[in-house]
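**Student:** Starting off with a structure, shown below.
The values are calculated or read from the model by the stated rules, or taken from the named source; none is laboratory data. Everything numeric here is computed off the predicted structure, so don't read it as measured data. For neighbour counting, all protein chains shown are included, and Cβ atoms are generated from backbone atoms with ideal geometry for every residue, glycine included. The accessibility values were calculated without ligands, DNA or RNA, using every heavy atom of the protein model including side chains. Shrake-Rupley method; radii C 1.70, N 1.55, O 1.52, S 1.80 Å.
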Amino acid sequence: MAVAAAATGATRSHLSKGRISRRPAVARVRVAVRLRPFVEETGSTSESSCVRGLDSCSLEIANGRNSQETLKYQFDAFYGETSTQQDIYAGFVQPILRHLMNGQNASVLAYGPTGAGKTYTMLGSPEQPGIIPRALKDLLQLTWEEGAEGRPWAITVYMSYLEIYQEKVLDLLAPASGDLVIREDRWGNILIPGLTQKPIASFTDFEQHFLPASRNRTVGATRLNQRSSRSHAVLLVKVEQRERMAPFRQREGKLYLIDLAGSEDNRRTGNQGLRLKESGAINASLFVLGKVVDALNQGLPRVPYRDSKLTRLLQDSLGGSAHSVLIANIAPERRFYLDTVTSLNFASRSKEVINRPFTHKSFQPLGERVKLAQKESLDPPEAKRVRSQDELEDGTSSPEPPPSCPKRSPLKQLNTLEPAVQERLLNLDRILDARGSQGTSILSTPRRERTALEKALKEKDSEIQRLKEKYKELEANRLSQRHKELEEENGSLAPPCPFPSQTVPNIKPLNRVVPFQLIQEQTTSQSKTQVLQKENRKRKPEPLRGQQEEQAEGLRTTLALLQVPPDLLAESRRKILGLLNTGSAKELRRLQRIGEKKAQLIVGWRELHGPFAEVEDLGLVEGISDKQVATFLKANILSFAAECFSALPRRDA
Ligand code: ADP
Ligand code: MG
C-alpha cells in the first residue's frame, strides 16, 4: 500500500515507526561569498581592490554613492582571495552531503557575474579540483561504505546533467533531445520525465559521462557566442536506497550542483539581438530566484516557483526540503563593482531563507512510484496548488518555528488583516528598520496600537484621495476660467483648451521621453505670449514636426497654463521617486500606468540594483521602454503635484 513519501524532517528512527514527523527540523539556506584574486591575464594586478574582507564572515565594499562610506555585509562565511578549493569545499559543502544518505535533498548554487569564478569554484581544474569532483568523490565513498554488503540499505547513485538555456531545459547527456518539461509528483518531488540518468558506481564512471557532456556545452559556447556563461548548468546526483530486509522501504536523496548563468546586468554591457534576448531569459530566471527567496523570507503564502524553469526545478531544493548553500562569487576589479554590489545584495537576502528538510521515503516499490510519477506527468492536476513553505506533506498547517529559528515575518501573526494593510504595515516596518529605529517595530506593537495605526493609515489614504479629487475639480475650473480670459483677450487667436473635455491629470500620453527638468525650465520661463505663440505654431500643419513632439509640447503648455510652480513639480517628482524606491508592488500599482507586471519588474530591478537615482531611471528596468517612462511621467506628475498642493497651507483666498 502506498504511503505518503515525503515525511518532513523524518530520520531513520522515524522511518522504523513508519510515522511522519510533524515538527520539521529547520535548515536555512546558508550563504557564503567567495572573492577571487586578481586574474593576471586581464592585466589588472596593479589595480586596487574595491572589496575587502573583514573577518571569516564579513566584508566591506566601497560605496559608489558616497566615497566616505563603505557597505558592510555579513554572511555565513566569507572566503577571501587566498582561500583554497579545499577550504570552501570542506567548510561549506562537505557537511551537507550526509543528508543525502537520510533521503533528504541538498543543493549548491554558484551565483555571480561572468568572470567572477563560478566555474572555477564548481568545477575547478585538474590541479585545483572544485566542488563537483570533490563532492562526487566523497559521496561515492559514503555510498560504498553505507551500502556495503551486510549493511541494511543497498544504494545506487545516478547522475543527470542538464542546462537551462533561454528557459529551455536541455539534456546534456542526450543533446539531441529537445526542451524537457519539469513536473511535480504527488509528494512534491520535482522530476523531469525523459531526462537521461546514468548509474555511476565510481568516479571514473562519473567522468565518462560528465566530461563529454561538458564538451557538448563547450562546443555550444564557441558556436553560440559564450552560451555557457548564459545558461544555468545543473548537475543532478541521485542517491537511491532500498532496504535489504522487510519492510523493503525505499528512499531517495537528490543533490543539485549548479553553476548559474552570469548575473551581470546585460543592459550595461550593451547587448543586442540574441544576446539581449538571452539576457532577458537569464535575468528572468535569476530575478524569479530572488523573488522566490523573498517570498520564503517573508513567509508569503505564494512562492512563485513556477515563474521560471530554474526555480521550478529548485522547488524542492529551496525553502522546501533541501539543505541549500549559495556561494556568491565576486571579483576584486573595479570594472565588476556594480555587479559585485548586485551579487552581494542578492546574497544577503538569501541567507534568511528557512528550509524545512524532510526525508523522501516510501514503502512503495520504486518501479511503481516511477509509473505513478509518469502518469502524473502526463496528466498533471489542473489546479495543483503551489506548495508554500508552511504546507507540510501530510497536510497539516505550519507548526510554530522552534526557538532557534531566526525571526519570522510578523505577518504570520497578522494574517487576519486585510492583505493591503498587511503589506503596508510590513513596508512601514521595513522603513523603520532601515532607519535603525530604536523603538518597537510596528508589527510587534500591541494589538490596540496596531489597530490605531491601521486606522490612521486608512484615514490618511481617504483624506489624500479626497484632496486629490478636490484639486482636480479646482484646477478644471481654473483652466476653463483661464481659457475664457484668453479668449476675451486674444479673440480668434486664443488657443483651444488642449484637453477640453478632460480633467487635468488625464492628459494624453507622451510618445517620447521628455526630460522633466526641461519641462520645468520651460514652464517657468515661458510668458503667456510665448505660450500662445507656441500654441499657434503647433496648430499649423508642419510635416517635419512629429506627433510626439506635439504631445510633449502639449504637456509643457498644459503645465504653463496651469502655472504649476516649479517647487511643486520638484516635490511631486521627489514623491514619485520615493514611491518608486520604497513602495511594494501593490503600492506601486497606485501609480498611474503601472500595472501588476510593471510593479513586479520595478521591485525586482530595485532589489537587484538598489534605489533609482531619478525617475527617468525607470527606463533602465527591463520591460519598461523609454516611451512608457514618458507616458508614466506625464500621467503621474500632475496628480502628485495635486497631492503636494493639497498638503500646502492655502496661499490664495
Ligand atoms: P565564471 O564561471 O564566473 O564566469 P570563471 O570560473 O571562469 O568565472 O573564472 C574566471 C577566471 O578567473 C578564470 O581564469 C579562473 O581560472 C580564474 N579564477 C576564478 N576564481 C579563482 C580563484 N579563486 N583563484 C584563482 N583563479 C580564479
Ligand atoms: Mg563560468
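**Student:** In terms of solvent-accessible area of protein heavy atoms at a 1.4 angstrom probe, what is the ranking of Trp144, Trp153, highest value first? Don't skip to the answer; put the middle values down first.
**Tutor:** On the way: Trp144 125, Trp153 15 Å².
Of Trp144, Trp153, the descending order of accessible area is Trp144, Trp153.
**Student:** Output the peptides 194-201, 567-574 sorted from most to least packed, where packing is the average of other Cβ atoms within 10 Å over each peptide's residues.
**Tutor:** Details: 194-201: 16.4, 567-574: 18.0.
So the peptides 194-201, 567-574, ranked by packing, come out 567-574, 194-201.
**Student:** Of the GluC sites (Glu not before Pro) in the stretch 130-180, which ones lie in a loop per DSSP and count no more than 12 other C-beta atoms within 10 Å?
**Tutor:** On the way: sites: Glu145, Glu146, Glu149, Glu163, Glu167; in loops: Glu149, Glu167.
Taking the stretch 130-180 and a limit of 12 other Cβ atoms within 10 Å, the loop GluC sites (Glu not before Pro) found are Glu149.
**Student:** Further question: Hey, any idea what % of the stretch 571-647's accessible area is carbon plus sulfur with a 1.4 Å probe?
**Tutor:** Working: 1520 of 2980 Å².
Roughly 51 percent of what the probe reaches on the stretch 571-647 is carbon or sulfur.
**Student:** Sorted by average packing, counted as other Cβ atoms within 10 angstrom per residue and highest first, what order do 177-187, 334-344 take?
**Tutor:** Numbers: 177-187: 16.6, 334-344: 20.1.
Highest mean packing first, the order is 334-344, 177-187.
**Student:** Say each of Glu69 and Val39 gets a label point 7 Å from the Cα, pointing the same way as Cα to Cβ; how far apart are those two points in nm?
**Tutor:** A separation of 3.2 nm, rounded to one decimal place.
**Student:** Related question: By accessible area of protein heavy atoms, probe 1.4 Å, what ranking do Cys57, Cys50 get, highest first? Write out the running numbers ahead of the final one.
**Tutor:** Numbers: Cys57 35, Cys50 10 Å².
Result of the area sort, largest leading: Cys57, Cys50.
**Student:** Tell me, what is the FRET efficiency for Ala613 and Asp87 to the nearest 0.05, using R0 = 41 angstrom and their Cβ-Cβ distance as r? Show your work: numbers first, answer last.
**Tutor:** Numbers: r = 39 Å, r/R0 = 0.94.
That gives a FRET efficiency of 0.60.
**Student:** In addition: Mind checking the full-extension length gain between Ala456 and Asp626? Use 0.36 nm per residue of separation minus the Cα-Cα distance, one decimal, nm. Can you show the working numbers first?
**Tutor:** On the way: separation 170, 0.36 × 170 = 61.20 nm, distance 3.73 nm.
The span from Ala456 to Asp626 would gain 57.5 nm if fully extended.
**Student:** Over 31 Å between Cα atoms: which of Lys168/Lys597; Lys484/Lys634; Lys597/Lys634; Lys168/Lys634; Lys72/Lys254; Lys460/Lys598 fall into that group? Could you put the intermediate results ahead of the total?
**Tutor:** Values: Lys168/Lys597 22 Å; Lys484/Lys634 25 Å; Lys597/Lys634 20 Å; Lys168/Lys634 39 Å; Lys72/Lys254 35 Å; Lys460/Lys598 26 Å.
Listed pairs above 31 Å: Lys168/Lys634; Lys72/Lys254.
**Student:** For the ranges 461-474, 302-315, 87-100, 66-79, what's the packing order if you count other beta-carbon atoms within 10 Å of each residue, average per peptide, and put the highest first? List each step's numbers first, then the result.
**Tutor:** Values: 461-474: 13.6, 302-315: 21.9, 87-100: 18.9, 66-79: 15.6.
Packing proxy ranking, top to bottom: 302-315, 87-100, 66-79, 461-474.
**Student:** On full extension of the chain, what length is gained from Arg334 through Arg478, given 0.36 nm per residue of separation minus the C-alpha to C-alpha distance? Walk me through the intermediate numbers first.
**Tutor:** On the way: separation 144, 0.36 × 144 = 51.84 nm, distance 5.48 nm.
Working it through step by step, the gained length comes to 46.4 nm.
**Student:** FRET efficiency for Ser584 and Ser48, Cβ-Cβ distance as r, R0 = 56 Å, nearest 0.05? Before the final figure, lay out each step's value.
**Tutor:** On the way: r = 39 Å, r/R0 = 0.69.
Using R0 = 56 Å, I get an efficiency of 0.90.
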